[in-house]
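Reading through the structure tokens given below for one structure.
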Amino acid sequence: MPDLTIVVPAYNESEGLRDFHKRLGAVLDGLRDLDSAVLYVDDGSRDDTYAVMRELRAGDARVATLRLARNFGKELALTAGLDHVTSGAAVVIDADLQDPPELIPTFVAHWREGYDVIYGTRASRAGESGFKKFTAAGFYRLMERLSSTPIPRDTGDFRLLSRRVLDALGQVRERQRFMKGLFTWVGYRQLSIVYHRDARHAGTSKWNYWRLWNFALDGITSFSGAPLKLATYVGLAASLAAFLFGLWVLGKALLLGDPVRGYPSLMVVVLFLGGVQLMALGMIGEYLGRLYVEAKQRPLYLVDEYVAPPNHS
Ligand code: UDP
Ligand code: MG
């Protein structure tokens, strides 16, 4: 059984996968005293990613492949991969060479010192637009304020997870999986390593802004109930303001009589409160929808085929 398995989720990555494996293979060759394996997870790719994976498996006795029944998204592909690491520790890395495999020996060194989670923190993000960097920074800072589990800033999924962390994650079966939140949630001894994130080696990013927005919503709703409380406080503030305004209207009517006026203020109040109420309903809906998905208890992912590495089976 391997001591360390590198889990690589890939969706339509056939272009760059061979180069990725070359670089990763060289790094693993350097870790001679460690019995390592690589698990490629094909997240229902529509190009020939799986064919490339099979080719890599044929050429390298360390390679295992896992193919999901369809595209389940990166978080679930990762979960599936980690579930199949039944012994030793795991490293999670993107297939597009944005996370440098050369950092793995550093992770391993700290793992040997006794750390359980060693994660890469991005000092820079090459090849990403200013707007993406801005929205990403804003998201991490918002999460920091809202979530009771402090999710480290500028940190992706690139990390090493020790055996006991993998066992802990195996017990977390929630469907809305915000992996970097869960990685932090388990606790234990965590360490951050700063690195420079490269531009994508080949292919394109699978994350458009709509997908990122939904990812952010998943993150916030699975790690914070703050939006639910917001409705309470906005409601409270509005009621207080309404009460004071009511006193003033009443006083004025008693002292000065009651000529029918006030259409503009009435309109503003009605529209404002209508908006606030719909927004609060929407926020409750976000949580309720997730609760619904959770209640259905469907399996997290379905496996099409799993082939263990030849030298470990
Ligand atoms: N990925 C995946 N399933 C998906 C989308 C992405 O397994 O549905 C993989 C992808 O192949 C890559 C990693 O997740 O190895 C990160 O994806 P990407 O590079 O598109 O994200 P970005 O780096 O732009 O955040
Ligand atoms: Mg990428």
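The values are calculated or read from the model by the stated rules, or taken from the named source; none is laboratory data. Model, not experiment: these values are computed from the prediction. All Cβ positions, even for glycine, are placed from backbone atoms using ideal geometry, and neighbour counts span all protein chains on display. Heads up: the accessible areas ignore ligands, DNA and RNA and are worked out on the full protein's heavy atoms, side chains in. Shrake-Rupley method; radii C 1.70, N 1.55, O 1.52, S 1.80 Å.
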*Return yes or no: is Y301 assigned to a helix (DSSP H, G or I), open to solvent by less than 50 Å² (accessible area, probe 1.4 Å) and closer than 30 Å to E174 by Cβ?*
no
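Starting from residues that are over 21 Å from A308 (Cβ atoms) and at pLDDT below 90, keep the ones in the stretch 17-33 and report whichever is surrounded by the fewest Cβ atoms within 10 Å (Cβ to Cβ).
Filtering first and then ranking leaves D33.
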_Residue that is nearest to ligand 2 (Cβ to nearest atom), among those in the stretch 196-214 that are touching a residue at least 24 places away in the same chain (Cβ under 8 Å) and over 19 Å from G16 (Cβ atoms)_ = L212
*May I ask you to verify whether S205 is more than 21 Å from P150 (Cβ to Cβ) and loosely packed, with under 13 Cβ neighbours inside 10 Å?*
no
*Restricting the search to the stretch 110-129, which residues are exposed (fewer than 14 other Cβ atoms within 10 Å of the Cβ) and modelled with pLDDT of 85 or more?*
R112, E113, G114
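Here is a yes/no grid of residues against (1) within 16 Å of ligand 2 (Cβ to nearest atom); (2) under 27 Å from R211 (Cα atoms); (3) buried (at least 24 other Cβ atoms within 10 Å of the Cβ); (4) under 26 Å from the mean Cα position of the chain (by Cα):
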{"residue": "D35", "(1), (2), (3), (4)": "no, no, no, no"}
{"residue": "S45", "(1), (2), (3), (4)": "yes, yes, no, yes"}
{"residue": "R67", "(1), (2), (3), (4)": "no, yes, no, yes"}
{"residue": "G73", "(1), (2), (3), (4)": "yes, yes, no, yes"}
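Yes/no per residue for (1) closer than 30 Å to L39 by Cβ; (2) part of a helix (DSSP H, G or I); (3) among the aliphatic types (A, V, I, L, M):
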| residue | (1), (2), (3) |
| --- | --- |
| V268 | no, yes, yes |
| L271 | no, yes, yes |
| V276 | no, yes, yes |
| M279 | no, yes, yes |
| G282 | no, yes, no |
| R290 | yes, yes, no |
| E305 | yes, no, no |
| P310 | yes, no, no |
*For residues that are in contact with a Leu (Cβ under 8 Å, 6 or more places away or on another chain), open to solvent by less than 30 Å² (accessible area, probe 1.4 Å) and touching a residue at least 60 places away in the same chain (Cβ under 8 Å), tally how many sit in the stretch 161-194.*
8
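Can you find even one residue in the stretch 268-280 that is among the small types (G, A, S), under 30 Å from F178 (Cα atoms) and loosely packed, with under 12 Cβ neighbours inside 10 Å?
yes
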*One residue from R18, R32, R70, R46 being touching a residue at least 60 places away in the same chain (Cβ under 8 Å) and either over 23 Å from Y119 (Cβ atoms) or not in a helix (DSSP H, G or I) (or both)*: R70
_Consider the stretch 250-266. How many of its residues are assigned to a helix (DSSP H, G or I) and open to solvent by less than 70 Å² (accessible area, probe 1.4 Å)?_
3
*If you check A64 against the conditions, is it closer than 14 Å to L39 by Cβ, out of contact with any Cys (no Cβ under 8 Å at 6 or more places or on another chain) and within 10 Å of ligand 1 (Cβ to nearest atom)?*
no
*asked:* Every residue in the stretch 130-155 that is in contact with a strand residue (DSSP E or B) (Cβ under 8 Å, 6 or more places away or on another chain) and open to solvent by 60 Å² or more (accessible area, probe 1.4 Å), please.
replied: K133, R153
_Suppose we filter the stretch 92-129 for residues that are away from ligand 2 (no atom under 16 Å from the Cβ), of a type in the set (A, V, I, L, M) and either closer than 19 Å to S162 by Cα or assigned to a loop (DSSP other than H, G, I, E, B) (or both); how many remain?_
5
*Output the residue which, of all residues in the stretch 76-87 that are in a loop (DSSP other than H, G, I, E, B) and open to solvent by 20 Å² or more (accessible area, probe 1.4 Å), is nearest to Q176 (Cα to Cα).*
H84
*Out of (1) among the polar types (S, T, N, Q); (2) open to solvent by less than 40 Å² (accessible area, probe 1.4 Å); (3) in a loop (DSSP other than H, G, I, E, B), what's the single condition that is false for T221?*
(3)
